[in-house]
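K.L.:
Attaching a single structure in C-alpha cells format; questions to follow.
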Amino acid sequence: IWLTRHGQSDYNQHGRIGGDPELSPAGEEYAKHLAEFVRKNAPRDQEVAVWTSTLRRTIQTATKITRSPRTWRALDEIDAGVCDGMTYDQVRIEMPDVWAARSADKFRYRYPRGESYEDVIQRLDPVIIQLERQRSPTLVIAHQAVLRAIYAYLMDRPPSECPSISVPLHTVIQLTPTAYGCEEKRFALPPHVEDQGAGG
Ligand code: F6P
C-alpha cells in the first residue's frame, strides 16, 4: 500500500486550508516523480490500483499514472466548514473560539458546518474495508487528515493520535502488510517544499 498526499497545491503554498485548488508548479513536478516511483517500484506482473479523492489536486497528481483513477468522496479532505479557504493565522485571529476549542481537543473538535477527525474516521470505513481486500498494489492519493486516519488504522495507532501524525507533502509512505501488522518505509521525492499546514 502506498499512501501519499497530492502534490503541493496553490493553497498549500499560501497556507490556506480546504478548498479545491489546482496543483502548483512544484506539485506538478511531484506528480511526475511519483509516476516514475510507481513505474520503478511496482511489481512487474501486477497492475497498480490508483485511488484518489474527488478533489482536483489528487486527480491531477494521478494523471501521469492513470487517466481514470478510482475516485472516492470518502477520501476528500476533512471539511473545515466555515474556516474553509482560510489560513491558520486567520482562524486564530478572526475566530479565536474555534482556534481555542480545536487546539484543546483536535481529535473531537468539529469545525462549525464541517467535520472532526472522528467524523473523518467514520466515513473512511468503506475505503478501509476495500483496502484490506485489495490483492494488487494500491496507491492512495489523498489528503493530510484523511491519510493520518488511514495510517493510524493500518499501523494500529490509537485513533486519538491521528491529528499529530506526520504525513508530509511529497512523501510516499509504503506499508507492507505482514503477519503482525505493517512494515513501513518512507520515500521523500523531489521537489522539496515547505509544509505550511503541517499542524500537529
Ligand atoms: O493544510 C493542508 C490540509 O490538507 C488542509 O486542507 C486541512 O484542513 C489540513 O491539512 C488538516 O490538517 P490539520 O488537521 O492539522 O489542520
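K.L.:
For the chain, what log10 I(q)/I(0) values come out of the Debye formula at q = 0.19 1/Å, with one point per alpha carbon and no solvent?
P.N.:
Log10 I(q)/I(0), no solvent term: -1.45.
K.L.:
What does the extension gain come out to for A101 and R113, with contour length at 0.36 nm per residue minus their alpha carbon separation?
P.N.:
2.8 nm
K.L.:
Another question, if that's okay. Can you show me the helix-derived [θ] at 222 nm for the chain, built from DSSP H runs with n ≥ 4 at -39,500 (n - 2.57) apiece and divided by the number of residues, rounded to the nearest 500.
P.N.:
Taking each H run of at least 4 residues, the total per residue is -10000 deg cm²/dmol.
K.L.:
Taking the chain as a Gaussian network, Cα atoms linked when under 10 Å apart, which of H143, H170, H33 shows the biggest mean-square fluctuation?
P.N.:
H33
K.L.:
Largest first, what is the accessible-area ranking of Y151, Y180 with a 1.4 Å probe?
P.N.:
Heavy-atom accessible area, descending, gives Y180, Y151.
K.L.:
Still on this structure, I have one more. Can you run the Rg to Rh ratio on the stretch 105-173? Use alpha carbon positions and the Kirkwood inverse-distance Rh.
P.N.:
0.97
K.L.:
Okay, next question. List the trypsin sites (Lys or Arg not before Pro) within the stretch 96-190 that DSSP assigns to loop and that have no more than 12 neighbouring Cβ atoms inside 10 Å.
P.N.:
Filter output for the stretch 96-190: R113, R135.
K.L.:
Taking the stretch 1-48, which trypsin sites (Lys or Arg not before Pro) meet the DSSP loop condition and have no more than 14 other C-beta atoms within 10 Å?
P.N.:
The qualifying sites are R44.
K.L.:
Right, here's the next one. Can you tell me which of G27, G15, G181 moves the most in a GNM of the chain? Springs connect C-alpha atoms under 10 Å apart.
P.N.:
G181
K.L.:
Now a separate question. Among I150, I173, I128, determine the one that fluctuates most according to a GNM of the chain built with springs between C-alpha atoms less than 10 Å apart.
P.N.:
Comparing I150, I173, I128 in a Gaussian network model of the chain, the most mobile one is I128.
The values are calculated or read from the model by the stated rules, or taken from the named source; none is laboratory data. What you see is a predicted model, and the numbers here were worked out from it, not measured in a lab. Neighbour counts run over all protein chains shown; Cβ positions are idealised from the backbone, glycine included. Protein only, heavy atoms only, side chains kept; ligands, DNA and RNA dropped before computing areas. Shrake-Rupley method; radii C 1.70, N 1.55, O 1.52, S 1.80 Å.
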